[in-house]
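Below is one structure, written out as structure tokens, with a few remarks after it.
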Amino acid sequence: MNPTAIVPSPILLWRFKVFLFILWGLFCCKIGWDSVMRMSVDLRDLFLYEAFLYYNPLLLVTMMVWFWGINLWVFSQSNVNHAKIFELDQNHLTHREIWKCATWMTIVVPTSMTAYLYLYSHGEVSLAASQPVLLYVAVVMILVFPFEIFYLSSRYFLLRTLWRIVFPLQAITFADFFVADILTSMSKVFSDLERSVCRMIHRQVATIAWFEADSVCGSHSVAIPVVLVLPYLFRLFQCLRQYKDTGEKATLLNALKYSTAVPVIFLSALKYHVFPDRWTNFYRPLWLLSSVLNSSYSFYWDVKRDWDLSTFTRIFKFNRPHFFSHLLYGRKWVYIWVLGSNLILRCTWTYKLSAHLRHNYLTVFTITALEIFRRFQWIFFRVENEWNKMNSKTNIQITSNLPTEEDKLLNSSNHNV
């Protein structure tokens, strides 16, 4: 008799993994909470503030990766060929592989944060300070690892796209400005990354430098608005490059949209570098005016240019019957929700861009997460709009290549007069 191997069902394995994942999450929450409660009441808020400074950028990136996996899943269920739109090769990552990466990120980042909280609260300051440093080094090593592991082709595509965004010396592709648009929604992430790396370089991790707002890595540093504005400048230069290549005036109007974010960022930063009366009477009204202009212009461009409101809900028309397709496809509430949430979150996003409003780190973290959610919604309709444009161009080319009746008569050799 040949013994039959007993293999657990995939559903059972999936449930067991989910159980371990939830158990691990509860364990980290318990350890983290106990560690915070060990701190004195006076230092507790500052302690959490610094922990959030180091880990909230990677937590938000993890959230974006989860959302991108959902985007890819919807594309795979509908008729949108995202691989063709982004000019990806056959080895591009599927939504399952994206979710696998997001799962590991969800495990590693909170684990490192829990270790930081635990070690610092128990007096192991040097070991605690090493936790975010080791995590950042590991992320960089994985991204640049030059061997055929960890999805080399996809990592290379991402790094090449980032290089093309920073140095737009070539024709701009859809992937270039698509990723650059996502980077504008993550400008707060880059600002916190800069402050975190700055503190690591100057050996200020887990030190009293928390209190020094005017230090080289403090909350009043001039590097903060500079880093915040960089994604918008990258996108602005892309628009200028597109105008040089195509001559379309719409690209100049798009460049103007990104330029409106510059005064919002720098006028806000001036609060820490001018007299209070000067800020209240002159710079704050200018900041409010520029904030309204930026939010209004950005919302108009989303609705008028980036989306096609006549067909944008077709993205949820799946190839096979599905609950989410039934819930979302052709529903009027989808229009109302997307337009309303996009307008509100466009306005609240100004809060994040304004340095003088970023005292409550939990509020800023929530608003940044909501902006990433807004971008997640935006991706569906922007990609579908591009797919519709590609199909329209293909249909026009096919129609123009078809012979007319006159061509058929002229080319016919079997006609009689």
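The values are calculated or read from the model by the stated rules, or taken from the named source; none is laboratory data. Given the structure is predicted, the values throughout are model-derived calculations rather than measurements. Here the Cβ positions follow ideal geometry from the backbone for every residue, glycine too, while neighbour counts run over all protein chains shown. Keep in mind that these areas ignore ligands, DNA and RNA; they rest on the heavy atoms of the full protein, side chains included. Shrake-Rupley method; radii C 1.70, N 1.55, O 1.52, S 1.80 Å.
Checked against (1) surrounded by fewer than 19 Cβ atoms within 10 Å (Cβ to Cβ); (2) more than 24 Å from the chain's Cα centre (by Cα), SER35 passes all but condition (1). LEU43 falls short of the stated requirement of being at pLDDT below 95 and crowded, with 19+ Cβ neighbours inside 10 Å. The set of residues in segment 22-44 that are aromatic (Phe, Trp, Tyr) and in contact (Cβ under 8 Å) with a residue 24 or more places away in the chain contains only TRP24. The residue list VAL197, VAL189 contains one member that is open to solvent by 50 Å² or more (accessible area, probe 1.4 Å), assigned to a helix (DSSP H, G or I), under 28 Å from LEU46 (Cβ atoms) and touching a residue at least 60 places away in the same chain (Cβ under 8 Å), which is VAL197. Being within 30 Å of THR207 (Cα to Cα) and not small (Gly, Ala, Ser) is the requirement here; does LEU230 meet it? Criteria met by LEU230. Can TYR272 be described as more than 23 Å from the chain's Cα centre (by Cα), over 20 Å from LYS304 (Cα atoms) and not β-branched (Val, Ile, Thr)? So TYR272 passes the test. Of all residues in segment 79-105, those satisfying the criterion of being part of a helix (DSSP H, G or I) and open to solvent by less than 30 Å² (accessible area, probe 1.4 Å) are HIS82, ALA83, ILE85, HIS95, ILE98, ALA102.
Results for (1) at pLDDT 90 or above; (2) open to solvent by less than 30 Å² (accessible area, probe 1.4 Å); (3) out of contact with any helix residue (DSSP H, G or I) (no Cβ under 9 Å at 6 or more places or on another chain), shown as yes or no for each residue.
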position: ARG160; (1), (2), (3): yes, no, yes
position: SER185; (1), (2), (3): yes, yes, no
position: ILE201; (1), (2), (3): no, no, yes
position: PRO225; (1), (2), (3): no, yes, no
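PHE266 - would you say it is surrounded by fewer than 18 Cβ atoms within 10 Å (Cβ to Cβ) and in a helix (DSSP H, G or I)? Answer is no for this residue.
The condition (being free of Cβ contacts under 8 Å to residues at least 40 places away in the same chain, assigned to a helix (DSSP H, G or I) and out of contact with any Lys or Arg (no Cβ under 7 Å at 6 or more places or on another chain)) is satisfied by just one residue among PHE19, PHE47: PHE19. Residues that are open to solvent by 30 Å² or more (accessible area, probe 1.4 Å), free of Cβ contacts under 8 Å to residues at least 60 places away in the same chain and closer than 21 Å to PHE67 by Cα within segment 107-141 comprise just one, VAL108. The lone criterion from (1) surrounded by 19 or more Cβ atoms within 10 Å (Cβ to Cβ); (2) not in a helix (DSSP H, G or I) left unmet by LEU169 is number (1).
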